[in-house]
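Structure record follows, encoded as structure tokens.
The values are calculated or read from the model by the stated rules, or taken from the named source; none is laboratory data. These figures come from a predicted structure and were not determined experimentally. For neighbour counting, all protein chains shown are included, and Cβ atoms are generated from backbone atoms with ideal geometry for every residue, glycine included.
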Amino acid sequence: MAKCTFLTHHAFVLIHIARYPHATLREIALKTKLTERTVYKIVGDLEEEGYIVKRKDGRRNVYSVDEQAVLEHRLFGSLTVAQLVDALGSLAEAVETR
């Protein structure tokens, strides 16, 4: 039986990008304990849905969270990405210190 987790990988990647916008995909993968390929797919999903924005900074991609983006879920209503990141920020800190 698969282990149930409370937050999705998408949520962990989104929170990490919000906190560390200059992080590379490799750094995100290391911190979230996901593969680079998985992080690449998740970042693409988040960008496609409008939750993050990618821009070039020299040869690097820099990701930023669109804090005004509204989460598309019937339970969230008008909850913005910024509100979600704020609410889950302390949880992410606790995970990082382990």
Residue count, segment 43-58, condition surrounded by fewer than 18 Cβ atoms within 10 Å (Cβ to Cβ) and closer than 14 Å to Val81 by Cβ, comes to 5
Which one is nearest to Leu88 (Cα to Cα) among residues in segment 15-32 that are in contact with a strand residue (DSSP E or B) (Cβ under 7 Å, 6 or more places away or on another chain) and assigned to a helix (DSSP H, G or I)? Ala18
Which numbered condition Phe76 fails, given (1) part of a loop (DSSP other than H, G, I, E, B); (2) among the hydrophobic types (A, V, I, L, M, F, W, C); (3) modelled with pLDDT of 90 or more: (3)
Of the residues in segment 62-83, those that are surrounded by 13 or more Cβ atoms within 10 Å (Cβ to Cβ) and either polar (S, T, N, Q) or within 13 Å of Val13 (Cα to Cα) (or both) come to Tyr63, Ser64, Val65, Thr80, Val81, Gln83
Do you know which residues across segment 1-42 are modelled with pLDDT of 90 or more, closer than 15 Å to Val85 by Cβ and out of contact with any helix residue (DSSP H, G or I) (no Cβ under 9 Å at 6 or more places or on another chain)? none
Of everything in segment 33-61, what is more than 11 Å from the chain's Cα centre (by Cα), charged (D, E, K, R) and assigned to a helix (DSSP H, G or I)? Give them in sequence order. Glu36, Arg37, Lys41, Glu48
